[in-house]
Amino acid sequence: METVHVGLGDRAYDIHIGQGLLGRAGALIGQISNRKRMMIVTEENVAALHLQTLQDGLAAAGIESEALVLPAGESTKSWPYYEQTVEWLLAQKVERKDLVIAFGGGVIGDLTGFAAATMRRGVGFVQIPTSLLAQVDSSVGGKTGINAPQGKNLIGAFHQPSLVLADIDVLGTMTSRDFLSGYGEVVKYGLLGDAAFFDWLEEYGPKLAAGDVSARIAAVKRSCEMKADIVERDETEQGDRALLNLGHTFCHALEAATGYGDRLLHGEGVAIGCALAFELSSRLGICSQEDPSRVRAHLKAMGMKVDLTDIDGDLPSAEALVDLMGQDKKVVDGQLRFILARGIGEAFVTADVPRDAVVQVLKDNVA
Ligand code: GLY
């Protein structure tokens with residue numbers, strides 16, 4: 001088992017990464033809590049595949065558990081299910097010193113974390129992420145929340161988990177499309193801050209997609225280390241944390257245009273967004289022309305979506321997509337912030353991007 005420490009003072013915690021962690025969940029959680037009863041919030045697909053293993057793993061350490069099984073899918077990250085979750089947890093008499101377990105992908109992690117943040121002015125929680133995307137991104141760093149009719153993640157709080165258990169075995173039940181979508185966030189880490197990691201992914205990416213366990217552990221570990229490092233520097237996104245949004249300004253517009261559903265998964269949008277961010281950086285003379293070509297070549301080699309034309313169905317015009325970017329919650333004083341790159345592994349945040357250049361990159365991408 002590998003462990004990454006997130007050094008946030010009195011909110012510090014460990015991320016354990018390895019095989020068979022569900023079966024050892026009771027012993028691992030027992031290292032940070034002596035509670036003998038725990039509430040699990042999960043969703044139906046994860047419950048069918050893995051809930052028994054987790055509950056057995058808790059029971060092995062003498063921990064009883066109850067589970068709330070919610071519907072799978074993005075629409076669960078909303079007021080009605082938030083209300084249901086909080087009321088269920090209150091009915092279970094959850095106290096401040098208890099630990100609520102978020103057992104699922106990003107939707108369950110964000111929803112459960114937000115319920116924990118707001119109940120009794122803050123109850124502890126453990127993230128047990130079951131998708132690659134959640135293991136490398138959403139379960140780490142304390143962003144919790146739900147969607148509003150006006151946009152994604154508009155209702156939320158920073159609330160760090162007390163522990164994260166990333167069990168690599170559960171990735172084996174993901175569809176290849178969902179796995180590769182999560183891989184979009186893995187590539188993002190190399191692109192934003194670690195050129196050597198990107199080199200490594202060029203070599204090991206196909207192996208980890210094919211199921212190589214040590215490659216998966218190494219990739220999740222490096223991603224979590226990079227996220228931990230950034231979150232330690234800037235927990236509440238006053239500055240550097242925005243680097244984690246490489247590719248996301250484009251991605252949010254594309255997700256809004258495609259309805260946040262099956263046409264474009266989040267990590268697919270991130271991958272396309274990263275390719276576009278490098279193209280934009282190169283057009284603005286900030287990075288070399290070879291960099292966007294290398295990014296695209298790797299995504300293509302992994303069988304991922306790279307261009308707007310890889311998205312099924314019609315998209316709005318380039319102008320309309322840029323308008324959609326303006327509705328992102330990361331807009332500051334009406335200025336769009338972009339993450340651009342001076343090269344692979346050298347991303348930076350800027351508000352200084354001419355709208356015309358963005359429009360042109362989008363137009364050329366579909367041409
Ligand atoms: N997923 C971006 C962040 O946690 O800041």
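The values are calculated or read from the model by the stated rules, or taken from the named source; none is laboratory data. Being a predicted model, the structure only gives us computed values, none of them experimental. For neighbour counting, all protein chains shown are included, and Cβ atoms are generated from backbone atoms with ideal geometry for every residue, glycine included. When the accessible area is computed, the model is the full protein with side chains, heavy atoms only, and any ligands, DNA or RNA have been set aside. Shrake-Rupley method; radii C 1.70, N 1.55, O 1.52, S 1.80 Å.
Pairing each residue of region 136-147 that is without any contact (Cβ under 8 Å) to a residue 60 or more places away in the chain and in a loop (DSSP other than H, G, I, E, B) with any residue that is within 8 Å of the ligand (Cβ to nearest atom) and open to solvent by less than 10 Å² (accessible area, probe 1.4 Å), provided the two are 6+ apart or on different chains, yields no C-beta distance under 6 Å. Here Leu165 passes the criteria (1) surrounded by fewer than 24 Cβ atoms within 10 Å (Cβ to Cβ); (2) under 21 Å from Gly7 (Cα atoms) except the one numbered (1).
Residues that are touching a helix residue (DSSP H, G or I) at 6+ places or on another chain (Cβ under 9 Å) and hydrophobic (A, V, I, L, M, F, W, C) within region 127-155 comprise Ile128, Leu132, Leu133, Ala134, Val136, Val140, Ile146, Ala148, Ile155, listed in sequence order.
Residue pairs whose Cβ atoms lie under 8 Å apart, sitting 6 or more positions apart in sequence or on different chains, and linking a residue in region 23-39 that is free of Cβ contacts under 8 Å to residues at least 60 places away in the same chain to a partner that is open to solvent by 10 Å² or more (accessible area, probe 1.4 Å) and assigned to a helix (DSSP H, G or I), are Gly23/Thr53; Gly23/Asp56; Gly26/Ala59.
One residue stands out in region 212-238 among those that are of a type in the set (Gly, Ala, Ser) and open to solvent by less than 30 Å² (accessible area, probe 1.4 Å): the one that is farthest from the ligand (Cβ to nearest atom), namely Ala215. Yes or no: Lys93 among the basic types (Lys, Arg) and within 16 Å of the ligand (Cβ to nearest atom)? The answer is no for Lys93. Take the conditions without any contact (Cβ under 8 Å) to a residue 24 or more places away in the chain, within 14 Å of the ligand (Cβ to nearest atom) and either open to solvent by less than 30 Å² (accessible area, probe 1.4 Å) or under 23 Å from Phe198 (Cα atoms) (or both) and apply them to Cys251. Does it pass? Answer is yes for this residue.
Yes or no, residue by residue, for (1) of a type outside the set (Ser, Thr, Tyr); (2) out of contact with any Lys or Arg (no Cβ under 9 Å at 6 or more places or on another chain):
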residue: Arg241; (1), (2): yes, no
residue: Glu255; (1), (2): yes, no
residue: Asp262; (1), (2): yes, yes
residue: Cys274; (1), (2): yes, no
residue: Leu284; (1), (2): yes, yes
residue: Ser288; (1), (2): no, yes
residue: Ser293; (1), (2): no, yes
residue: Gly303; (1), (2): yes, yes
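Of the residues making up region 79-128, those that are among the charged types (D, E, K, R) and touching a Gly at 6+ places or on another chain (Cβ under 9 Å) are Arg96, Lys97, Asp98, Asp110. Put simply, of Cys274, Cys287 the only residue that is open to solvent by less than 40 Å² (accessible area, probe 1.4 Å), more than 25 Å from the chain's Cα centre (by Cα) and of a type outside the set (A, V, I, L, M) is Cys287.
Among the residues of region 173-186, is there at least one that is within 14 Å of the ligand (Cβ to nearest atom), without any contact (Cβ under 8 Å) to a residue 40 or more places away in the chain and under 21 Å from Val107 (Cα atoms)? Looking through region 173-186, none of the residues is within 14 Å of the ligand (Cβ to nearest atom), without any contact (Cβ under 8 Å) to a residue 40 or more places away in the chain and under 21 Å from Val107 (Cα atoms). From the list Glu66, Glu87, Glu83, the lone residue that is in a strand (DSSP E or B), open to solvent by 70 Å² or more (accessible area, probe 1.4 Å) and modelled with pLDDT of 95 or more is Glu66.
Taken together, the criteria place Gly20 among residues that are small (Gly, Ala, Ser) and not in a helix (DSSP H, G or I).
When region 102-131 is limited to residues that are under 12 Å from the mean Cα position of the chain (by Cα) and either among the charged types (D, E, K, R) or assigned to a loop (DSSP other than H, G, I, E, B) (or both), the one that is nearest to the ligand (Cβ to nearest atom) turns out to be Asp110.
When only residues in region 132-159 that are within 16 Å of the chain's Cα centre (by Cα), open to solvent by 20 Å² or more (accessible area, probe 1.4 Å) and of a type in the set (S, T, N, Q) count, which is farthest from the ligand (Cβ to nearest atom)? Per the stated criteria, the residue is Asn147.
Assess whether Asn45 counts as being under 21 Å from Met119 (Cα atoms) and open to solvent by 80 Å² or more (accessible area, probe 1.4 Å). It is false that Asn45 is under 21 Å from Met119 (Cα atoms) and open to solvent by 80 Å² or more (accessible area, probe 1.4 Å). Across region 254-273, the qualifying residues are those that are outside any helix (DSSP H, G or I) and not aromatic (Phe, Trp, Tyr), and the one among them that is nearest to the ligand (Cβ to nearest atom) is Leu265.
Which residue is modelled with the highest pLDDT, if the candidates are limited to region 329-343 and must be farther than 13 Å from Cys287 by Cα and touching a strand residue (DSSP E or B) at 6+ places or on another chain (Cβ under 9 Å)?
Phe338
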